[in-house]
Each structure stands twice: as C-alpha cells, then as structure tokens.
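Read the figures in this text as sums done on the coordinates, not as results from a lab. Just so it is clear, the model here is predicted, and its values are computed rather than measured. Counting neighbours? That spans all protein chains shown, and the Cβs are built from the backbone with ideal geometry, glycine included.
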Amino acid sequence: MAKEKKGALTKDATKLAASPLTVKPKNVKLVPPDGAWGWIIILATSINLMVLPTTVTCFGVLVPFIIREYDSANIAGVSWIPGIAVAVLNLTGPWVSAMLKIYSHRRLASIGSVTMVVAIIVSSFAGSMLIWYASYGLLLGFGCSLSGVMGLLLLQEYFLKRRHMANELV
C-alpha cells in the first residue's frame, strides 16, 4: 500500500464527497443570524421604502404638464394614473411573495428595478393617455411591488430575536 499524503482525498473519500449524503437536506431550517448584515438590510429597506412611494405619490407634479400636453386629458382622468399604480402595487404583493418560492430576492428586486426604469422611460415618450395608464400605472406599480415587497420579506429572514424591533425601524 502506497503512503498517502496528509489531507489528500482517497478514492473512497472522493466518492463520498460526491454522494447524495453530503447534500444539505431540504428539511433543515436556517436560523436568522440577527447580526450586522441584518442592520444593513434594515438601512437598505428603509431607503427603498422612502424612494419607492415617492415615485407614485409625487405624480401630482406632472399633472399640469400632462393636462397641457393632451387635449383629451382632464384632472379626473389623469388622477387615475397613480391610483392604478397604487392598486397594482398592493394587489400584486401576495403574488410577488409567492414568487419567492421560485426566484431569489435579488432577482425579483432587480426585475422590479428594471421594470420601473422601463415604465418611466415609456411614460416620458407617451403619445396618449392610454400609454400613461399602461406604463406609469401598470408597469410602475408592478415594479414597485417587486422591489418594495422584497425588503419587508427579507427582514424576516435576517432577524429572529429582534424581528419586532427591525420591523418597527423600517
């Protein structure tokens, strides 16, 4: 029998390393760390929840310009645009949280950010009120839902003992 180097894998150890026994079982529950990274998540979520609602609620600044630009626009019709965005944001929240079973937080938040950017760009080139309803109302609302819900759900994964305080701070 040849002398083996210390720390070298034998043929049997190589087979064991690739066996399904070394794969993490699915029924193991990870415990939230309650550490420093969680506080960074609180900061990021707070900033996120300060910025996202303002894209919808500051729509009133655009109203006089939209009414001047489109002859068929009136205040009642224009006020539906942020209303649609808020409705879509709130109605798609449960769907977004269910999507976390399939996709990661990072992927869904990135898709939400890209969706919001596309919505604002399409809105800036809108030729009719219908495009405003679709882009700023539907797309921006859906993008805000994807990005906004992630922070609140991510807090639950990073805190166990201080979860109540983390939710209060956000």
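Need the C-alpha centroid separation for the stretch 147-169 versus the stretch 46-108, integer Å.
That distance is 23 Å.
Just rank 164, 105, fewest to most, by other beta-carbon atoms within 10 angstrom.
164, 105
Residue 107 to residue 68: extension gain in nm, 0.36 nm per residue of separation minus the Cα-Cα distance?
Gain in length upon complete extension: 10.1 nm.
Using the beta-carbon distance between residue 37 and residue 98 and R0 = 41 Å, what value does 1/(1 + (r/R0)^6) give for FRET efficiency, to the nearest 0.05?
For residue 37 and residue 98, the calculated efficiency is 0.95.
Could you rank the peptides 91-99, 142-150, 114-122 by their average count of other C-beta atoms within 10 Å per residue, with the highest value first?
Top of the packing list down: 142-150, 114-122, 91-99.
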